[in-house]
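Note sheet for the following structure.
The values are calculated or read from the model by the stated rules, or taken from the named source; none is laboratory data. For clarity, every value in this text was computed on a predicted model and none was experimentally measured. Virtual Cβ from ideal backbone geometry, glycine too; neighbours counted across all protein chains shown. Surface areas here come from the heavy atoms of the whole protein model, side chains and all, with no ligands, DNA or RNA. Shrake-Rupley method; radii C 1.70, N 1.55, O 1.52, S 1.80 Å.
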Amino acid sequence: MSSDVVRAHSLRRYLLAWIIAPIALFVVVDTVSLYRSALKSIHLAYDRSLLASARSIGELLQVRQGRLQADVPYAALEIFEASTASRMYYRIDGFGGEFISGYEDLPPYRGRIPQLPVYAALVDFYDAEFRGERVRMAALYQPVASAEARGVARVQVAETLEVRERLAREILVDTLVRQALLLLVVTLVTWTVVTRALRPLDSLRRALLERGPHGLEPVAVPGLPQELQPLVQALNELMRRVRRSVEHQRRFVRDASHQLRTPLAVLKTQVQNALRGSPSAREPLVEMERTVDRAVALANQMLALAKVEQVQGEGPMERLDLADSVREVALELAPLIAEKNLDFELDARRATVLAHPWMLRELARNLLHNAVRESPIGGSLRVIVEPAEEGPRFIVRDSGPGISAAVRAHLFEPFHTTHPNTGSGLGLAICKAICASLGAELQLADRMEDGRVAGAEAVVRFPPPAEGRWAANGAGEHGDGRP
């Protein structure tokens, strides 16, 4: 698999991992902490028992005839052995460190008493090895005094670690079992909660899969949590846009088929008249030429309107000079302007916009073509391109009759035109779709002079280049009220 392919991950596993893993880590740390605390408590309890044994032995020490003597009956140690179920050893050293009683092979204490002992006694606890076994030892310095002599004897008591180790194992096993049960319960509860929390997603998936190919109505899944509401709202908004686009395409295809059928039917009639031997052979051919021209213009404008959506997906827009595009289109339409002997004025200053070259040219071509057609012979036509702080402006002012009330009611609807023989009614629909795609604003209004209508004015306001964007609802949502 390519490294560029992003693997889909399971949301359920992701949630379980990030919920259970920290809890499991905490349980492990807590288990170690509990085990160490238990070991500390065990050592503390048994060390106290060792200290009690050492003190009991120390209390039996006496000075007789100037010598330290110890009379330690075995019964004194049996009490502690019975209570701990472990073997105990002891050693008693005299005032000068000489061996007095006990197990002579028990290693003598060589350490130093802690400066701040835990107990109120001169005692030290440490681990050692005796006769191949690990033992815990207590070394107690016991003062002994009599009328004959006084000094400090040393009493050492050793205990094997069987009981301590067995108890530590029991505590460890018990702790592990409890923590494992806790982790199992947490895992089951987390799995249940996550599964129930993700159940609305499964319901949403099933609701979408059960739809037919034309099911674009809003999604309604009862009981969705608040966190999923924005997703459903966004999905419904997408459905609404797709449904509107589909409806527009259906309407467009219906209207286009009707518009194309009419010139083709007329063309067929004209051909039939020419074949019947009309007295004037030229007149039917001229009518046929006009019909063909109108059909070609209609087809071109339909393709241009459809191309707006296609151009939207061709990549990022470019920084273009609006004035250059308008000059180029004005040069193309120069024969039409000259044919009507218009007083043409072009005031184009440099104005940078974000757009596709084709869109700018098509916008300028349709607005200028409409203005040329609406202007009377010998009239005036002025085109202005000017920069502004709020964004560049493209203005077309003709000297035609203006915008009638009937036209204004269907200003941007397709196939509505006041020139059925020469126009297709798609020009302004294309302009409106291009402006929506570029984030621009198109306005048409009557131009007044001395209290009367002197023509129409089309104004396109572009956003500043830094704010240029694709419109969320692009081409195809508006119509045309003028040719």
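The residues of region 196-247 that are part of a loop (DSSP other than H, G, I, E, B) and charged (D, E, K, R), listed by number, are 210, 211, 217.
Among the residues of region 221-246, those identified as β-branched (Val, Ile, Thr) and exposed (fewer than 15 other Cβ atoms within 10 Å of the Cβ) are 242, 246.
Specify which of the listed residues (219, 163, 194, 242) is touching a residue at least 12 places away in the same chain (Cβ under 8 Å) and closer than 30 Å to residue 92 by Cβ. Full working, then the answer.
Values: 219 fails: closer than 30 Å to residue 92 by Cβ; 194 fails: closer than 30 Å to residue 92 by Cβ; 242 fails: closer than 30 Å to residue 92 by Cβ.
Exactly one residue qualifies, and that residue is 163.
All of (1) of a type in the set (Gly, Ala, Ser); (2) farther than 30 Å from residue 130 by Cα; (3) surrounded by 10 or more Cβ atoms within 10 Å (Cβ to Cβ) hold for residue 168 with one exception: (2). Looking only at residues of region 202-218 that are open to solvent by 60 Å² or more (accessible area, probe 1.4 Å) and of a type in the set (A, V, I, L, M), we find that the one that is farthest from the chain's Cα centre (by Cα) is 209.
In the condition set (1) under 44 Å from the mean Cα position of the chain (by Cα); (2) without any contact (Cβ under 8 Å) to a residue 24 or more places away in the chain, residue 339 is compliant with all but (1). Quick check on region 141-149. Is at least one of its residues assigned to a helix (DSSP H, G or I), touching a residue at least 40 places away in the same chain (Cβ under 8 Å), among the hydroxyl-bearing types (Ser, Thr, Tyr) and open to solvent by less than 90 Å² (accessible area, probe 1.4 Å)? Within region 141-149, none of the residues are assigned to a helix (DSSP H, G or I), touching a residue at least 40 places away in the same chain (Cβ under 8 Å), among the hydroxyl-bearing types (Ser, Thr, Tyr) and open to solvent by less than 90 Å² (accessible area, probe 1.4 Å).
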